[in-house]
Each structure stands twice: as structure tokens, then as C-alpha cells.
1. Could you tell me which of Thr85, Asn127, Val230 has its Cα farthest along the dipole of the chain towards the positive end, charges placed at Cβ (Lys, Arg +1; Asp, Glu -1), taken about the Cα centre?
2. Please give the charge dipole size of the chain, origin at the Cα centre, charges +1 on K and R Cβ atoms and -1 on D and E Cβ atoms. Round to the nearest 20 debye.
3. Ignoring everything but the protein chains, give the 1.4 Å probe accessible area of Ser16 in square angstrom, nearest 10.
4. Given that just one value was derived from the coordinates, which of [x] 39, 19, 17; [y] 26, 23, 20; [z] 27, 20, 16 is semi-axes √(5λ) of the Cα gyration tensor in Å?
5. Between Glu126 and Asp194, with labels modelled 7 Å along Cα→Cβ, what's the label distance in nm to one decimal, could you check?
6. Sort His128, His4 by accessible area with a 1.4 Å probe, largest first.
7. Only Cα pairs within less than 10 Å get springs; with that Gaussian network setup on the chain, which residue of Pro46, Pro149, Pro107 has the largest fluctuation?
8. Using modelled amide H (1.01 Å from N, peptide plane; none on Pro or chain starts), what sits under 5 Å from the amide H of Glu13, excluding residues fewer than 5 places away?
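The values are calculated or read from the model by the stated rules, or taken from the named source; none is laboratory data. Every value quoted in this text rests on a predicted model; they were computed, and no experiment measured them. For neighbour counting, all protein chains shown are included, and Cβ atoms are generated from backbone atoms with ideal geometry for every residue, glycine included. For accessibility, only protein heavy atoms count, side chains too; no ligands or nucleic acids. Shrake-Rupley method; radii C 1.70, N 1.55, O 1.52, S 1.80 Å.
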Amino acid sequence: VLAHGGKTMALWEGGSAHEFDAGTLETKGRVTWSSDTEGLPFGAHPKVDQDGTLWNVGANGSFKGFVIYRINPKGHLTDREVIPTKESHFIHDFLLTQQHLIFILHPFTFTNADAETYVQGYEWKENHASKILVVDKNTLALKGEYEMPSNWVFHYGNAWEEKNVLHFDMSSYKDAGIITSAFQNVMRGEEDRDNHADHYRVSLNITTKKIAAEKVYSLVEFPVVDPSMVGKENRYTIALSKQDVGEHRKDQRL
């Protein structure tokens, strides 16, 4: 749920935002930002920038690419751009810094439109890397593409930049088993202990293309930061975790 630009909206990456009345919860209807974006997906985890600008991404199904939305504080679409990709990726979340947008394409791609269910249409490509796409916020042009070891992420924490280095944190799974098996097991009343996320701090040098990743915390999901710190270096991240996670680093910043 998001309140922005005078609208209260329910969001999901599978389709457009829907506006509803915050007092009665009555649905007002699908949100159309512009004639050429009508009906397009509008993601579940938009980011509100320091100046009140709303950023979001839309990707769904067999579409080989994703849409970037820039919406001003009054709730009007000021720009949109389509970034083409070689495959159709499942994008649930993304990151922003003061100058860049960061989208990570994990090797979980839509390959079978005839599958019995939507999720079964996706394939986990174990031996493929995760790709990091960096987009310039001013021009919405793709600035660089990088690779890191294969992983799956539902939710990112925050990102910031330091000269040529982009820093970000993420709750990372080893693969997409959380979608392909764990969620289905939960619906059957079965606990799934094999699929869990660990919290990582990642640094990407966009000049040298060197990437460093450090595990900061175990068994962590839904990382968030104070809204006033989005895109800036944050001291604290708030997240959900299990109680029996054992010892952690004494100097951890989570």
C-alpha cells in the first residue's frame, strides 16, 4: 500500500496500481499514469526519493524488458523509459542512489507460456550469473551492466554511492526455491527450512567492475530504512529475523 500524490494505492508487480479510498477501503479503480502506460505492470516496491519523486519498475510475464516510471510529488508521470533485456525476468524490487537506479536481473526467467500455472512458466537457470543494470536517473539511459554470482532476491534494503562505488544491501537466497517450492509447501501447511535469505552488503565499482559482497546477518527478510535515508548512506536497517539465529558480528550495522 502506498500513499503518494493524493492517491492511496494497492500495488503488486503482476499488474497496474489500484487506487482506493483510505477511509472506506472502497476500490476506486485502476491507476492509469498515461495513455501509453495504461494496463502496464507497476511494481510492488516503489521508492520515494528525497525530493518526493516516486520511482517504480514494471516487468511481467514474457515481456523482454522493464518499464521505469518517474512520477513527481503531485502524482503526475513526468517520464518513463523501457529498458530492453535479452530474457523475461521476474523483478520484484530495485534500488536507487542519489544519481542512479539499480536493477538486478536474477537467472529466473519466463520460458514457458503454456505452463499450467504462472510460476511454473519461470525457469531457474542455475549456472547463469545475476546481472546488475545501472541506469542514470537524469537521462534514464542504461549506464552499465555488471555480473555477480547467481542468487535470488525478493527485497533490497538501501543503496548509496561513494565516488565510483555503489553500495547496497539485500536479503539474498541461493536460488528461487522460495517461489518454486517453499511458498507451495506453506500453502499445504508444510514448513520449509531449506529456503532462507541471508543479508549481504554489496559494493560495486562501476569503473573497475569489481564487486565485493559480505554476509552481515543470517535469516533476514524485508529490510527497510528510514524514508529520509533512501538513497543516502544509512547507519541502521530494520528487518525481520528468526530468534534462533545464533551469534552475529559485533560490529554489524544491521
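1. It is Val230, whose Cα lies furthest towards the positive end.
2. Approximately 680 debye in magnitude.
3. Probe radius 1.4 Å; accessible area of Ser16 about 10 Å².
4. [y]
5. Spacing of the two 7 Å Cα→Cβ label points: 1.1 nm.
6. Order by accessible area, largest first: His128, His4.
7. In this elastic network of the chain, the residue with the biggest mean-square fluctuation among Pro46, Pro149, Pro107 is Pro149.
8. Ala44
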